[in-house]
Each structure stands twice: as structure tokens, then as C-alpha cells.
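The values are calculated or read from the model by the stated rules, or taken from the named source; none is laboratory data. Just so you know, these numbers come straight off a predicted model, no measurement behind them. Neighbour counts are summed over all protein chains in view; Cβ atoms, including those assigned to glycine, are modelled from backbone coordinates with ideal geometry. What goes into the accessible areas is simple: the full protein's heavy atoms, side chains included, and nothing from ligands, DNA or RNA. Shrake-Rupley method; radii C 1.70, N 1.55, O 1.52, S 1.80 Å.
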Amino acid sequence: MDGVGRRLAELTGAEWGIVTAGCAAALTHCTAACIAGTNPERMQRLPNLEGLKNEVVIPAYSRNVYDHAIRMPGVTIVTVREASQLESAFSERTAMAYILGGPGDEGPLGTRAVSEAAKRHNVPVVVDAAAEILTIPNVHLQRGAAAVAYSGGKCIRGPQAAGLLLGEKNLLQAAWANSAPHHAFGRSLKVGKEEIMGMLAAVEMWVKRDHKAEWAQWESWLAAIADSVKRIEGVTTRVSQPREGLSNRSPSLAIQWDGARLGITGQELSKLLRDTEPRIVPASASGSRPGNMASAISIVPYMLIPGDEKAIGERLYAVLSSPPKFENPAPPPAGEPASVAGQWEVRLEYDRGSAKHTMILEQQGARLVGTHRGEFYAGDLSGTVAANTVRFQSSHQAEGNRLSYGFTGTVDGDKMAGAVNLGEYGEARWTAERHQYRGGGRQAG
């Protein structure tokens, strides 16, 4: 790692570099380094932060699902929503500040502004540039950040299980001391020799690669795919160039058609491509039956290899020109909507574990609105009632993430039951019972 760090510094112009087990691991190691430094006693106490610096300053726009990697050592997040709050957000408890690279990092709470405030308090700033291209000299370090973290397997196209941390030598060597092979908090986030050398090779190639020629090659691949699908009457295509920003920079191909005319929607095509061979994952898809038949998918080329464009073009042509038969979803059941207004005590049964939630439902005919409160988070809900069938969804802000719930079920008087879609976390079963006031038995509303 010492030799790789020296070579990364030569290649990137940063003081030092280390390879990590993904960008999230880089963020965790950097946080641990900002808390404990290379003090063995402090390193062994993590995640016990008693007596240690235990806060990380983050602008509100930078809160995201990946800041869990920063919270792992047990820090408290201080969220800054306005520039006027920035200076007072720092205190003797502040260990680090974090910025998510993107549209906001040049604004009033961007990297330069946060770094200037952090410097006055001797606090390092780390920038999460996971999906960005690697800039040399590094734009984030030039704006005052002490370190910047990248994903290995995205724009730089190194090993999928690798990440890259660049910045001040003293801080990065402390981040490495807090990770494997040392016996510290980051031991479980071990990066192997294969990823270390593979990531170095990717950076070596990055500085040698002819990026303009590569871009032209990507555009030629998209043109080949477009030529293949445009043979189908009613299919149109458009190549878009990326807007401002450094993340996921590549041209993209939009393929559009009328789902009713071709007999397949964008969502149906996307699922079919993911579930069959050759497996193709579009960047996005739109169009669903029966109410939104205007359909599209998009293809981005920067993860493709030569020959993939031919396989994609042929597969898209085959499916769009002769799709399997898809049926419209069953219509909602007929009949008077069941009455579900009131307060409900809900039990969720996960694949492992259970939880008690509370819902307050307000009903106007077939329309539902209300509040869904979980064990720790809460949010608004909305949905419909058709006869004795209910469908509603809610979304809870949970730290930098957002948890989604999609409930479907049936009503039987003061009881309901069904399934809940948890998005990336799978499904659960749910049962609910309406709360009754003891005095008059009246429904809570």
C-alpha cells in the first residue's frame, strides 16, 4: 500500500492515495482517521466515542443513502441547511465535514465555502465523488478539501469492489492505519491485493487513455443500437450529451415508442431484458399499462465493451418487433369502498423480525390520505380503496436515506391484512386493527 500510495500521488498530483474496498469504505476509514488519528488507544475505542470528537458537519443537500458509511463509527451528524448556520455548526466536538460531489458543491454550502469554514476550526473536509470522472489536478482538493473518495468500478472502470481515496498524506496514512491489515475499526472493510493492484492499473490507464477517442467510440455504439431499433416503424431515438457536472459522464441513447402500438411498455421491456439472455440493464425505463403507454428506455455506453452494441441492438430489435403478449392489470374490484378511516395499530412481519407501526387514515370516497408512523421515522401516506381492497404508499426520511412502503391488502371490518413492498429490502406481511375509543366505540378520525 505504501508503494501504491506513492505511485497514486505521482499519477494524480495529490499528496497521497490509498485503495479501499469501495468508495463507502473510503468514507468510513476517513471518518475513523479524523476521530482517532493514529492514536492506538483511540483507535481501539471506536465506536465508543466518549471523550472523542464525535460530530460530522454535512450540508442538507449532501445527506444521502451513502452517508451511512460516515455514521458507522457512531458519529452524530450536524446538518446545515443555510449558509448562515455554517460557522456555528463547527465546535470542539467536530471531527470532519462531508460534501457529496454534484450540483451543490459549488454553491453557498459547496466545497470551497465549507472548506474555508472548516479550516478555521482545523477540521478536515472529505468529498464523496463516487460516480465522478477523475480530474487531474483534482478539482475538489483545489477547492480546499483534505480528501476525495471515488468508486473504483464506475467512471474509472477499475475493480468493482475497489475504491480510491486521494488527498493529504498525513490524513490518508491515518485512514489506512484505521483499516486492514491493522487491527482497528476498519478491519472488516478489508481490501485485497487483487483490488489494490487492479485499482492502480485502472488509474494508470486513466491517465493514458484517449478520452476524446473513447467518447467518439461510445457515440458510434449508440448510433449502431439506434440504427437497429429504428428499423421498426414507430420507434424513434435521440442521443443526449451530459449536462454540467462530473458524475456518470457519458452520452446516452433514448429509445421511444407507443406501447399500445408495439404491444410492450418501457417497464415491461426493461424487466424482460433483465430477466432473459443476454441480460441487459437499461439506465432508465418509462411507460406502464394501462394508463401510461408512452414508452422509453435509455442506454448508456460507458460500461460496455466492443461487441456489446451489436448484442444490444439485435436483442432490442427482436423484442420490440415481436414482443410477447402482455395483459392489462386486473381492474380494481367493483363495489362501495370499505370504510377505513381511523387510527390503526399495524404489525409488520419481516423475513426476520417484526415491528409495530401506527397509521391514521383519512378517507374521502375511494381516496386515502394520512400518516404512517414506524418505530423511529414517520411520513405521509396516500392511496385508494376499491370495495374491500386497499392500496397505499408512504415514504419516511431516515437519516440520508428514504424508506418506502407500498401496502396492498384487504379490509374485513376493523381488521386489515396484506403485503408490503419494501423496495430494495424485499417484502413483509402486515396486519392491522382499528383502534376504538373505550367511551363510545367511535372510530378515531
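Quickly run through segment 223-247 and pick out the residues that are in a helix (DSSP H, G or I) and either under 30 Å from V148 (Cβ atoms) or β-branched (V, I, T) (or both). Spell out the reasoning first.
As a first pass, look at segment 223-247 and keep what is in a helix (DSSP H, G or I): 223-229.
Answer for segment 223-247, where residues must be in a helix (DSSP H, G or I) and either under 30 Å from V148 (Cβ atoms) or β-branched (V, I, T) (or both): I225, V229.
Exactly one residue out of L381, L422 is in contact with a strand residue (DSSP E or B) (Cβ under 9 Å, 6 or more places away or on another chain), among the aliphatic types (A, V, I, L, M) and under 15 Å from E362 (Cα atoms), and it is L381.
Counting just the residues of segment 403-421 that are assigned to a strand (DSSP E or B), surrounded by fewer than 17 Cβ atoms within 10 Å (Cβ to Cβ) and without any contact (Cβ under 8 Å) to a residue 24 or more places away in the chain, which one comes out farthest from the chain's Cα centre (by Cα)? Selected residue: K415.
With respect to A318, is the statement that it is part of a helix (DSSP H, G or I), among the small types (G, A, S) and open to solvent by 40 Å² or more (accessible area, probe 1.4 Å) true?
Values: part of a helix (DSSP H, G or I): yes; among the small types (G, A, S): yes; open to solvent by 40 Å² or more (accessible area, probe 1.4 Å): yes.
Answer is yes for this residue.
A search for C-beta distances below 6 Å between a residue of segment 309-327 that is in contact (Cβ under 8 Å) with a residue 60 or more places away in the chain and any residue that is aromatic (F, W, Y) and surrounded by 16 or more Cβ atoms within 10 Å (Cβ to Cβ), counting only pairs 6+ apart in sequence or on different chains, returns E309/W221.
So that you can scan it fast, the table gives a plain yes or no per residue for (1) at pLDDT below 95; (2) touching an Asp or Glu at 6+ places or on another chain (Cβ under 8 Å); (3) basic (K, R):
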| residue | (1), (2), (3) |
| --- | --- |
| G102 | yes, no, no |
| H121 | no, no, no |
| V126 | no, no, no |
| G144 | no, yes, no |
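The lone criterion from (1) open to solvent by less than 60 Å² (accessible area, probe 1.4 Å); (2) touching a residue at least 60 places away in the same chain (Cβ under 8 Å); (3) hydrophobic (A, V, I, L, M, F, W, C) left unmet by V207 is number (1). Restricting attention to segment 257-313, the residues that are open to solvent by 30 Å² or more (accessible area, probe 1.4 Å), of a type outside the set (K, R) and either in a loop (DSSP other than H, G, I, E, B) or within 13 Å of L222 (Cα to Cα) (or both) add up to 16.
Scanning segment 135-148 for residues that are over 16 Å from Y66 (Cα atoms) and either β-branched (V, I, T) or assigned to a loop (DSSP other than H, G, I, E, B) (or both) returns T135, I136, P137, N138, V139, R143, G144, A145, A146.
If the condition is being farther than 14 Å from G186 by Cα and crowded, with 19+ Cβ neighbours inside 10 Å, then segment 30-51 contributes only L49.
One line per residue, one yes/no per condition, for (1) under 26 Å from the mean Cα position of the chain (by Cα); (2) not small (G, A, S):
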{"site": "K230", "(1), (2)": "no, yes"}
{"site": "E233", "(1), (2)": "no, yes"}
{"site": "G245", "(1), (2)": "yes, no"}
{"site": "P251", "(1), (2)": "yes, yes"}
{"site": "L262", "(1), (2)": "no, yes"}
{"site": "V281", "(1), (2)": "yes, yes"}
{"site": "M293", "(1), (2)": "no, yes"}
{"site": "A296", "(1), (2)": "yes, no"}
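Working carefully through the options A60, A147, A130, find the one that is open to solvent by 10 Å² or more (accessible area, probe 1.4 Å), touching a strand residue (DSSP E or B) at 6+ places or on another chain (Cβ under 6 Å) and touching a residue at least 60 places away in the same chain (Cβ under 8 Å). Quick ask: steps written out before the conclusion?
Details: A60 fails: touching a residue at least 60 places away in the same chain (Cβ under 8 Å); A147 fails: open to solvent by 10 Å² or more (accessible area, probe 1.4 Å).
Selected residue: A130, the only one of A60, A147, A130 that is open to solvent by 10 Å² or more (accessible area, probe 1.4 Å), touching a strand residue (DSSP E or B) at 6+ places or on another chain (Cβ under 6 Å) and touching a residue at least 60 places away in the same chain (Cβ under 8 Å).
Here's the yes/no breakdown for (1) at pLDDT below 95; (2) open to solvent by less than 10 Å² (accessible area, probe 1.4 Å); (3) part of a loop (DSSP other than H, G, I, E, B):
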site	(1), (2), (3)
L165	no, yes, no
L172	no, yes, no
A184	no, no, yes
S188	no, no, yes
E195	no, no, no
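Reported count of residues in segment 116-127, each being touching a Leu at 6+ places or on another chain (Cβ under 7 Å) and open to solvent by 30 Å² or more (accessible area, probe 1.4 Å), is 1.
Within segment 224-235, can one find any residue that is under 18 Å from T135 (Cβ atoms), acidic (D, E) and in contact (Cβ under 8 Å) with a residue 12 or more places away in the chain? Give the steps one after another, and end with the answer.
Step one: filter segment 224-235 for residues under 18 Å from T135 (Cβ atoms), giving none.
No, segment 224-235 contains no residue that is under 18 Å from T135 (Cβ atoms), acidic (D, E) and in contact (Cβ under 8 Å) with a residue 12 or more places away in the chain.
Only a single criterion out of (1) free of Cβ contacts under 8 Å to residues at least 40 places away in the same chain; (2) more than 20 Å from the chain's Cα centre (by Cα); (3) open to solvent by 70 Å² or more (accessible area, probe 1.4 Å) is not satisfied by F392, namely (3).
Given the condition loosely packed, with under 15 Cβ neighbours inside 10 Å, at pLDDT 95 or above, in contact with a Lys or Arg (Cβ under 9 Å, 6 or more places away or on another chain) and not hydroxyl-bearing (S, T, Y), answer yes or no: does some residue in segment 66-84 qualify? The answer is no; no qualifying residue exists.
Answer yes or no as to whether Y98 is in contact with an Asp or Glu (Cβ under 9 Å, 6 or more places away or on another chain), aromatic (F, W, Y), at pLDDT 95 or above and buried (at least 23 other Cβ atoms within 10 Å of the Cβ). Walk me through how you get there before you give the answer.
On the way: in contact with an Asp or Glu (Cβ under 9 Å, 6 or more places away or on another chain): yes; aromatic (F, W, Y): yes; at pLDDT 95 or above: yes; buried (at least 23 other Cβ atoms within 10 Å of the Cβ): yes.
So Y98 fits the description; yes.
So which residues in segment 328-366 are loosely packed, with under 13 Cβ neighbours inside 10 Å, over 30 Å from T237 (Cα atoms) and without any contact (Cβ under 8 Å) to a residue 40 or more places away in the chain, if there are any at all? Of everything in segment 328-366, those that are loosely packed, with under 13 Cβ neighbours inside 10 Å, over 30 Å from T237 (Cα atoms) and without any contact (Cβ under 8 Å) to a residue 40 or more places away in the chain turn out to be A330, P331, R352, G353, S354, K356, Q364, G365.
Results for (1) more than 22 Å from the chain's Cα centre (by Cα); (2) part of a strand (DSSP E or B), shown as yes or no for each residue.
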site	(1), (2)
Y61	no, no
Y66	no, no
I70	no, no
G74	no, no
E87	yes, no
E116	yes, no
N122	yes, no
Y150	no, yes
A161	no, no
